[in-house]
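These notes concern the structure reproduced below.
Read-outs throughout are calculated quantities, based only on the coordinates presented, and are distinct from any laboratory measurement. Here the structure is a predicted model, which means the values were calculated and not measured. Every residue, glycine among them, receives a Cβ derived from its backbone with ideal geometry; neighbour counts consider all protein chains shown.
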Amino acid sequence: MSPRLVLVLGDQLTPTVAALKAADRARDVVVMAEVAVETDYVPHHPKKIAFLFAAMRKFAARLQTDGWRVAYTRLDDPENAGSIGAELLRRAEEVGATEVLVTEPGEWRLIEALRDHPLTVRLLEDDRFICTHAEFEAWAKGRKALRMEFFYREMRRKTGLLMEGDQPEGGQWNYDHDNRKGPPKGLFGPVPPRFDHDDVTEEVLNLVETRFDTRFGNLRPFWFATEPAQAEPALDHFIAHALPKFGDYQDAMVTGQDFLFHSVLSVYINAGLLDPLEVCRRAEAAYRAGDAPLNAVEGFIRQIIGWREFVRGVYFHEGPDYAQRNVLDHSRKLPPVYWGGETRMRCMKEAVGVTRREAYAHHIQRLMVTGNFALLAGIDPGEVHEWYLAVYADAYEWVEAPNTVGMSQFADGGVVGSKPYVSSGNYIDRMSDYCKTCDYGVKIKTGPDACPFNLLYWHFLIRHRDRFAQNPRMAQMYRTWDRMADDRRAQVLADADALLKRLEQGQPV
Ligand SMILES: Cc1cc2nc3c(=O)[nH]c(=O)nc-3n(C[C@H](O)[C@H](O)[C@H](O)COP(=O)(O)OP(=O)(O)OC[C@H]3O[C@@H](n4cnc5c(N)ncnc54)[C@H](O)[C@@H]3O)c2cc1C
Ligand code: SF4
């Protein structure tokens, strides 16, 4: 019997991933490839590329030790054919294969390329998720709106996590009302563990340094885990040191505190180094042992079996055009501040700064600083989407696009969220210490020193009045606007227009 190719992609680094489960190690050849099309279709952060290549090389070595035949192509291999599709053809010819087994990629672009591939490609559902495609479709069928909260309850029932029989632990499904504390002065969180480089990682770092030195993002210091034996201690560290306060300060932002009580595990979970259900079970065990409170553990588990599974369901349910949606018709170009350009806005400087250093920012920085600003300023959601996909080490389209195009930019018209996540500077002031050292005044509502969020917030609401005025959760804001004096309203809009003009001209704000 001729061998089949078993394609393993960079975010499928799990020994039990569907394609490997379906393959025969005595017969088949595993194909893994570092290819330019994947590193370049958006300008991925050097830390992200280094993480993936180091983790892929170690995974390939592990498969070989386990008895698999692995055809691994390095980026600088002179024979490298440049794309996944071309690599498959090259390897097929080499070993005489006509069939490929592959676990379904998390991006429509690749799924379509594989479906159109001249070899016979068998796409197998990725079963590293809690909710299957069929289950999500059955849940979504006939619903007027898809809401995470109801989906999440199904996932709690399915997994039994934090359940007492058929009732939620503690009597409530969601403890978010305990989870919105602003940061007290001097708040600091534990720093996630940092891993020394071995030879494999060092070789990858040298390659990435040479090939991607002009990219946005710092490669070094590089400290990510690149194999399960490192990712597991990172999980242990989170459970012991950060989880107990995860809930309380989930929305807080503090200058110089890049991680606070967040887990920084998405990079590992999304690439397959950690199993999401196991991560949740560990958090639940900490609660049962009395080591972490319910509001923290429920909040954390909700992010994984709720949000993470929900956005994946939405991505596949909505179809290949999802990432291109733009219902608000926003078309401004992404301003240079997103690539580290000069700015007077402390919050943007902080959120973009940690992104550049670590290929990471926590959820509220992504949603309520960089995302909020892009939405208020009317930036083209396609450009915003490409930015998030490029700059975060945990970004793959299935999870990034619904978060960006849907949750953050409302470009899907309300599939992911029932209202846009927009706020004036007030929210950022309440949840962070940024405004204290900002050149703008968060309490200033008009004029050159007015916080840009204050100006753009009203501009956004007025631009989209027809769409949002009837939304019960936004009607109050329109009433506040309508009560303002005419000359004040005119001033706010004129100042906002001037700010937008500066953005369009590429001037710093
Ligand atoms: C505009 C925007 C873009 C985003 N892009 C991505 C992305 O490309 N990849 C990604 O994994 N997450 C993305 N998120 C979700 C979230 O911001 C990150 O998962 C989180 O910041 C990762 O850091 P952490 O591991 O410290 O998370 P924690 O705060 O510790 O949360 C625990 C885990 O929950 C999961 N999680 C939390 N929130 C979400 C969410 N909204 N969607 C999916 N999973 C979630 C992650 O696996 C995370 O590791 C995005 C959010 C926004 C607003
Ligand atoms: S004043 Fe406005 S721009 Fe400055 S940090 Fe606060 S929210 Fe950001």
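Extension gain for the segment residue 480 to residue 62, taken as residue separation times 0.36 nm less the Cα-Cα distance, is 144.4 nm to one decimal. For residue 25, no residue whose modelled amide H falls within less than 5 Å of its own remains once neighbours fewer than 5 places apart on the same chain are excluded.
Summarising the amide proton neighbourhood of residue 69: residues at separation of 5 or more, or on other chains, whose placed amide H is nearer than 5 Å comprise 30. Backbone phi angles across region 297-313, fed through the Karplus curve with coefficients 6.51, -1.76 and 1.60 (θ = phi - 60°), yield HN-Hα couplings of 6, 4, x, 5, 4, 4, 4, 8, 7, x, 4, 4, 5, 5, 5, 5, x Hz in residue order; Gly and Pro are listed as x. The distance linking region 335-372 with region 269-290 is 29 Å (Cα centroid to Cα centroid, whole angstrom). Taking θ as phi - 60° and the Karplus parameters 6.51, -1.76 and 1.60, the scalar couplings of region 447-462 work out to x, x, 9, 5, 4, x, 5, 5, 6, 6, 4, 5, 4, 4, 4, 6 Hz in sequence order, x denoting glycine and proline. Take the Cα of residue 439, step 7 Å toward its Cβ, do the same at residue 504, and the gap between the two points is 2.2 nm. Relative protection proxy for 142-148, 98-104, 451-457, from highest mean packing down: 451-457, 98-104, 142-148 (other beta-carbon atoms within 10 angstrom).
Translational D (Stokes-Einstein, µm²/s) of region 91-186 at 4 °C and 1.567 mPa s when Rh comes from the Kirkwood sum over C-alpha pairs? Result for D is 73 µm²/s.
Close amide H pairs (under 5 Å, H built 1.01 Å from N) link residue 451 with 441, 444, residues at least 5 positions away or on another chain.
Using the Cβ-Cβ distance between residue 467 and residue 489 with R0 = 25 Å, the FRET efficiency computed as 1/(1 + (r/R0)^6) comes to roughly 0.85. With 21 Å as the limit on Cα-Cα distance, the pairs of 48/158; 419/501; 333/501; 21/141; 181/436 that go past it are 48/158; 419/501; 21/141.
To the nearest ten degrees, helix 84-95 and the longest principal axis of the Cα atoms of the chain are 10 degrees apart.
The protection proxy used here, the mean number of other Cβ atoms lying within 10 Å of each residue, ranks peptides 73-83, 475-485 as follows, highest first: 73-83, 475-485. Over the residues of the chain, the helix contribution to mean residue ellipticity at 222 nm works out to -12500 deg cm²/dmol, using -39500 (n - 2.57) for each DSSP H run of at least 4.
The Rg/Rh ratio for region 342-500 is 0.96, where Rg is the radius of gyration of the alpha carbons and Rh is the Kirkwood radius.
What fraction of the Cα pairs in the chain, stated in percent, has a spacing above 46 angstrom?
12 percent
Residue-wise HN-Hα couplings along region 316-324, as the Karplus relation 6.51 cos²θ - 1.76 cosθ + 1.60 with θ = phi - 60° gives them from phi, are 7, 5, 7, x, x, 8, 3, 5, 9 Hz; Gly and Pro carry x.
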